[in-house]
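Please read the structure below before turning to the comments.
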Amino acid sequence: MKKKRKAVSLSPQLEQLLSSNAGLEDGLRTNKKLLQDLAGAVKALSDAYVEPEKCDWKALYKNTAAVNAYLLYYLPVNLVKLFPLLDELAKGGAFDVAQRQHMSVLDIGCGPGTFMLGLLEYICRAGRPEASFVESISLTGIDRSKDNLAAADRLIRQYCSPGCLPQGMTVTASFRQGSVLSPDFLNSPELFDIIIAGNVLAELQGAALPSCLSALTEHLAPDGVLIIIDPGTRRAAQRLLELRNMLLQHTELRLFAPCLCAAACPLQDDSGQWCHEKLFWQPTEAVRQIDGVLGFTKEKGIKYSFLSFVKKDVDRLSPYADLAHENIWRVGSYVIKNKGEDRLWVCNGRERLLLRRLERNSSETNSDFEQAERGDIVFVDGAVPRAVFHDLPKEAVFRIIH
């Protein structure tokens, strides 16, 4: 039976760094007014993310409370989304940061360095002895806001202060102002091993999008990876599906995840459902305090949607060579518990199925069913088609394989 996933967390070093940059040397517990101000700014940001086209982002981030709210709340909430994506790329044989001596990384729409910090945190956080294999990391951040670039420069320099990086590792970072709406925003011959686009591409419209995707493809190294991350909202997921189709149709990139194949998405004509993940983590103290005021529930998990693409030909199912590939699925929901039965959605990239297991049919061969979580790769054999679901009889196999 599968062990429950260990919740990801930020290092004390990074949590303290964010607090000090937000002017919180003594925490929030003793300053109720500051906590209320920050909670109000987080709520304003949350509303802006729901309808980004109606927000004056430049004016919003001129507000000190909004800047601090992002540093304390949304920066940690966003950067941890990178961890499971890098884990999956490594385990699937597509890209393993721990096996790269030298890496060049591009973050477009980098903001205050959210995902660059996420990559460094992933490599450097405690308990990763393999991090000593990485010798150098070159970071490049592009953003249209000078204030964001200045904040990213400051945060990364502080994170990489003497004694904080694994011994022998060097990090260089450069930042430049630019907009992905400009056709020459990547006016450079450099190739990047990792290109990260977080909360930016899904907002592009019209002719700017194809030219941007073309530029990203051209600047991705032959064995590199493109990672696109967006909020796990219906709107963002639908836009992400459009991006998926454009990249498959108009670039040489190959889809790696979350889909198990590059077939037409079974949700593309279903406006009521959308593909997203849920990451379980240990929130920072600031996130806990702000959630307590607003009634938000980030401690119950973080929703997000993502795509990862590679240039090289990677057999997505090669780690499961000894299993029938038609029986391999990705879990696309939490376990839906009803009286006397449990249900669960799975998808293989071509088809989406609702599985049902009656309590009386629980057995050793399908005992993983109640442990399944979004994003798990599972082997299913013996499911019986019914009118609206597939039944798992007692002899059926449901096994979590990743």
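For the chain, which longest stretch is free of loop sites, where a loop site is one of the GluC sites (Glu not before Pro) that DSSP puts outside H, G, I, E and B and that has at most 16 other Cβ atoms within 10 Å?
Within the chain, the longest run free of exposed GluC sites (Glu not before Pro) spans 26-134.
In whole Hz, with x marking every Gly and Pro, tabulate ³J(HN,Hα) for region 360-370 from phi via Karplus 6.51 cos²θ - 1.76 cosθ + 1.60, θ = phi - 60°.
Each residue of region 360-370 in turn: 5, 9, 5, 8, 4, 6, 10, 5, 5, 4, 6 Hz.
What is the calculated FRET efficiency for residue 211 to residue 91, with r their C-beta to C-beta distance and R₀ = 35 Å, to the nearest 0.05?
So the FRET efficiency works out to roughly 0.55.
Add +1 for every Lys or Arg and -1 for every Asp or Glu among the other residues with Cβ under 12 Å from the Cβ of residue 15, and state the total.
Net of charged neighbours comes to 0.
So for the chain, Kirkwood radius off the Cα pairs, Stokes-Einstein at 37 °C and 0.692 mPa s: how many µm² s⁻¹?
Approximately 147 µm²/s, per Stokes-Einstein.
State, as an integer percentage, the relative contact order of the chain based on alpha-carbon contacts under 8 Å between residues 6 or more apart.
About 14 percent, as a whole number.
Starting from the Cα gyration tensor of region 262-402, multiply each eigenvalue by 5, take the square root, and state the resulting semi-axes largest first in whole Å.
On the way: eigenvalues 155, 95, 47 Å².
That gives 28, 22, 15 Å for the three semi-axes.
I need the calculated FRET efficiency for the pair residue 33 and residue 63, taking r as the beta carbon distance and R₀ as 22 Å, to the nearest 0.05.
Details: r = 16 Å, r/R0 = 0.73.
FRET efficiency, residue 33 to residue 63: 0.85.
Is there a quick way to get the dipole size of region 251-301? I mean about its Cα centre, with the Cβ of Lys and Arg at +1 and of Asp and Glu at -1; what is the value in debye to the nearest 20?
Here the size comes out at about 160 debye.
Report the gain in length on full extension from residue 402 to residue 245: 0.36 nm times residue separation, minus Cα-Cα distance, nm rounded to one decimal.
53.9 nm
Modelled label-to-label distance, residue 395 and residue 294, 7 Å Cα→beta-carbon offset: nm?
Rounded to a tenth, the inter-label distance reads 5.3 nm.
Based on other C-beta atoms within 10 Å, arrange 336, 302, 229, 196 from fewest to most.
The order, fewest Cβ neighbours first, is 336, 302, 196, 229.
Which aspartates and glutamates, if any, have their Cα less than 17 Å from the Cα of residue 33, not counting same-chain residues under 8 positions apart?
25, 285, 291
With +1 on each Lys and Arg Cβ and -1 on each Asp and Glu Cβ, and nothing else charged, work out how big the dipole of the chain is about its Cα centre, in Debye to the nearest 20.
1000 debye
Gain in length, residue 270 to residue 384, computed as 0.36 nm per residue apart minus the alpha-carbon separation, to one decimal in nm?
Working: separation 114, 0.36 × 114 = 41.04 nm, distance 2.40 nm.
Length gained, residue 270 through residue 384: 38.6 nm.
First select every other residue whose beta carbon is under 14 angstrom from the beta carbon of residue 102; then total the charges, Lys and Arg +1, Asp and Glu -1.
-4
Considering only DSSP beta bridges whose two residues both sit in the chain, what percent are antiparallel, to the nearest 5? Before the final figure, lay out the partial values.
Values: 34 of 62 bridges.
For the chain, the DSSP antiparallel bridge percentage is about 55.
So in region 321-400, what percent of DSSP beta bridges are antiparallel if you round to the nearest 5? All intermediate terms of the calculation are to be shown ahead of the outcome.
Details: 21 of 23 bridges.
If we restrict to bridges inside region 321-400, about 90 percent are antiparallel.
For residue 255, what is the net charge nearby, where nearby means another residue's Cβ is under 15 Å from its Cβ and Lys, Arg count +1, Asp, Glu -1?
Summing Lys/Arg as +1 and Asp/Glu as -1 gives +2.
Which value at 222 nm does the chain reach when only helices count, each DSSP H run of 4 or more adding -39,500 (n - 2.57), with the total divided by all residues and rounded to the nearest 500 deg cm²/dmol? Write out the running numbers ahead of the final one.
Numbers: 11 runs with 117 residues, N = 402.
One gets -8500 deg cm²/dmol as the mean residue ellipticity at 222 nm.
Tell me which aspartates and glutamates have Cα within less than 17 Å of residue 312's Cα, excluding those fewer than 8 residues away on the same chain?
Answer for residue 312, where 17 Å is the Cα cut-off: 88, 96, 193, 218, 223, 252, listed by chain and number.
Averaging sequence separations of C-alpha pairs under 8 Å and six or more residues apart, then dividing by the length of region 321-400, give the relative contact order as a whole percent.
Reported relative contact order: 32 percent.
Can you tell me the orientation of helix 285-294 relative to the chain, as the angle in degrees between its alpha-carbon axis and the longest Cα principal axis, to the nearest 10?
So the helix axis and the longest Cα principal axis differ by about 80 degrees.
Using a Gaussian network model of the chain whose springs link C-alpha atoms within less than 10 Å, name the residue from 323, 255, 213 with the highest mean-square fluctuation.
323
Estimate the FRET efficiency between residue 187 and residue 150 by the formula 1/(1 + (r/R0)^6), using the beta-carbon distance for r and 25 Å for R0, to the nearest 0.05.
Calculated value: 0.70.
Laboratory data are not the source of any read-out in this text; all were calculated from the coordinates shown. What you see is a predicted model; the values in this text were computed from it and never measured. Ideal geometry is used to build each Cβ from the backbone, glycine not excepted, and the neighbour counts take in all protein chains shown.
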